[in-house]
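K.L.:
Pasting a structure below so you can have a look.
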Amino acid sequence: MQSIAAYWDAAADSFDEEADHGLRDPGVRAAWADRLAAWLPESRADVLDLGCGTGSLSLLLAERGHRIVGVDLAPRMVARARAKLAGTGAVVLVGDAARPPVGERRFDVVLARHLLWTIPEPEAALTRWAVLLRPGGRLVLVEGRWSTSSESGEGSRRDAGMPWDGGVSAAELVAAVRLTVADLADLRVDVLADPALWGKEIDDERYAVVAVT
């Protein structure tokens with residue numbers, strides 16, 4: 001785990017330069033705000049943002065009045081998230097998102113973006129996350145299936161201990177959710193092909209699975 005944390009710590013300084021990470025472009029920011037509003041309850045909710053990075057999605061949610069707990073393995077990511085979320089009431093913890101350090105606390109929403117495909121035992125993580133939901137709560141899992149290469153850092157990611165194999169398809173993730181989350185009331189897949197979300201045209205599979213218990 002230390003090598004994985006070190007990998008993301010090293011990425012912290014430049015992380016927000018990606019359009020969908022920093023949400024600095026007003027159009028990208030607005031696109032994600034609209035998506036989050038569609039996925040989350042209209043009323044104020046307790047949200048656990050796993051693998052929160054520098055806290056950009058958490059900030060959007062806090063601005064809508066939601067109560068946020070963020071978790072990230074990398075201390076430097078957490079430091080940046082805490083600075084970004086200062087004054088919002090959000091709490092950001094250093095910890096393993098696969099085993100969130102939240103004790104007996106329960107949430108209305110567990111959110112994870114581009115996280116699950118990096119976890120060595122994703123089904124076990126999904127099982128733990130589902131237990132953290134209140135009745136009627138929802139998992140919001142933003143993932144994708146894309147190609148990687150040594151030029152994009154695949155070697156260093158694998159050296160850090162992450163199972164970087166190009167992501168997870170929507171069909172694979174839906175099957176895993178159905179296997180691990182009991183008493184599903186609803187499950188849907190939203191395709192995220194809109195360039196406004198990414199600040200560029202994309203040609204790979206990007207989506208969100210929203211599972212309501």
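K.L.:
Look through the stretch 65-86, keep the residues that are of a type outside the set (A, V, I, L, M) and surrounded by fewer than 16 Cβ atoms within 10 Å (Cβ to Cβ), and return whichever of them is farthest from the chain's Cα centre (by Cα).
P.N.:
Quick first cut of the stretch 65-86, residues of a type outside the set (A, V, I, L, M) only: 65-67, 70, 72, 75-76, 80, 82, 84.
Those still in the list that are surrounded by fewer than 16 Cβ atoms within 10 Å (Cβ to Cβ) too: 65, 75.
Details: 65: 19, 75: 17 Å.
The residue in question is 65.
K.L.:
Only one of these is open to solvent by less than 70 Å² (accessible area, probe 1.4 Å), at negative phi and not in a loop (DSSP other than H, G, I, E, B): 102, 109. Name it. First the steps, then the outcome.
P.N.:
On the way: 102 fails: not in a loop (DSSP other than H, G, I, E, B).
On inspection, the qualifying residue turns out to be 109.
K.L.:
Only residues that are open to solvent by less than 70 Å² (accessible area, probe 1.4 Å), among the aliphatic types (A, V, I, L, M) and either in a strand (DSSP E or B) or over 19 Å from residue 27 (Cβ atoms) (or both): list them for the stretch 183-213, please.
P.N.:
184, 187, 189, 208, 209, 210, 211, 212
K.L.:
Tell me, yes or no, whether the stretch 122-140 has at least one residue that is open to solvent by 40 Å² or more (accessible area, probe 1.4 Å), assigned to a loop (DSSP other than H, G, I, E, B) and not polar (S, T, N, Q). Working first, answer last.
P.N.:
Kept after step one, since they are open to solvent by 40 Å² or more (accessible area, probe 1.4 Å), are these residues of the stretch 122-140: 123, 127-128, 131, 134-136, 138.
With assigned to a loop (DSSP other than H, G, I, E, B) added as a condition, the list becomes none.
No, that holds for no residue.
K.L.:
Quick check: anything in the stretch 19-26 open to solvent by 20 Å² or more (accessible area, probe 1.4 Å), closer than 22 Å to residue 139 by Cβ, acidic (Asp, Glu) and out of contact with any His (no Cβ under 8 Å at 6 or more places or on another chain)? Let's see the steps before the verdict.
P.N.:
The first filter runs over the stretch 19-26 and keeps only residues open to solvent by 20 Å² or more (accessible area, probe 1.4 Å), leaving 19, 21, 24-26.
Among the residues that remain, those that are also closer than 22 Å to residue 139 by Cβ are: 21.
Imposing the further condition that a residue be acidic (Asp, Glu) reduces the set to none.
Looking for residues that are open to solvent by 20 Å² or more (accessible area, probe 1.4 Å), closer than 22 Å to residue 139 by Cβ, acidic (Asp, Glu) and out of contact with any His (no Cβ under 8 Å at 6 or more places or on another chain), one finds none in the stretch 19-26, hence no.
K.L.:
Under 19 Å from the mean Cα position of the chain (by Cα), modelled with pLDDT of 90 or more and not in a strand (DSSP E or B): does that describe residue 174? Spell out how you get there, then give the answer.
P.N.:
On the way: under 19 Å from the mean Cα position of the chain (by Cα): yes; modelled with pLDDT of 90 or more: yes; not in a strand (DSSP E or B): yes.
Against the criterion (under 19 Å from the mean Cα position of the chain (by Cα), modelled with pLDDT of 90 or more and not in a strand (DSSP E or B)), residue 174 qualifies.
K.L.:
Among the residues of the stretch 32-64, which ones are open to solvent by 10 Å² or more (accessible area, probe 1.4 Å), over 22 Å from residue 116 (Cα atoms) and touching a residue at least 60 places away in the same chain (Cβ under 8 Å)?
P.N.:
Within the stretch 32-64, just 41 meets the criteria.
K.L.:
Further question on the same structure: Could you run through the stretch 141-156 and say how many residues are part of a helix (DSSP H, G or I) and at pLDDT 75 or above? Spell out how you get there, then give the answer.
P.N.:
Just the residues of the stretch 141-156 that are part of a helix (DSSP H, G or I), to begin with: 150-152, 154-156.
Now narrow it down to the ones that are at pLDDT 75 or above: none.
Here the count works out to 0.
The values are calculated or read from the model by the stated rules, or taken from the named source; none is laboratory data. None of the values given here were measured: they were computed from a predicted structure. Don't worry about glycine lacking a Cβ; one is built from the backbone with ideal geometry, like all the others, and counts go over all protein chains shown. Ligands, DNA and RNA are excluded from the accessible area calculation, which covers all protein heavy atoms including side chains. Shrake-Rupley method; radii C 1.70, N 1.55, O 1.52, S 1.80 Å.
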